[in-house]
Amino acid sequence: MLDVKDPTVQEALRRASEEAGLPDYLRSCVYGLLRDPEGDWSPCCGGGCQPCSATLADVAVRTLELLGTPRRSPVPT
């Protein structure tokens, strides 16, 4: 399991969040995805939620890429 409080993980998450436009106060919403990188992630429901689960998944995927541990499972759409 990924330690989301590790400084290296935090820096990758910061960078991925900035790239996706995810505000810093919502970064913790990505922690669950990072702790279970190959798990069942929720797809976008189309309801206009903020933050959208698709955005959270995009940030998690990019964070994992930056860490050199990309997700192998398909990302739900």
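Here are the numbers for the structure shown:
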| quantity | calculated |
| --- | --- |
| Stretchable slack from residue 28 to residue 3, in nm (0.36 nm times residue separation minus alpha-carbon distance) | 7.8 nm |
| Among (i) 16, 14, 13; (ii) 18, 15, 10; (iii) 36, 12, 7, the entry that matches semi-axes √(5λ) of the Cα gyration tensor in Å as calculated here | (ii) |
| Rounded FRET efficiency, nearest 0.05, which uses the C-beta distance separating residue 44 from residue 69 and R0 of 25 Å | 0.55 |
| CD proxy at 222 nm, helix term only [per DSSP H run n ≥ 4: -39500 (n - 2.57); per residue of the chain; nearest 500] | -13000 deg cm²/dmol |
| Relative contact order of the chain, pairs being alpha-carbon contacts under 8 Å that are 6 or more residues apart, as % | 36 percent |
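FYI, it's all coordinate maths here, none of it is from the lab. Remember, predicted model here, so these are calculated numbers, not experimental data. As a convention, Cβ positions derive from the backbone with ideal geometry for all residues, glycine included, and neighbour counts pool all protein chains shown.
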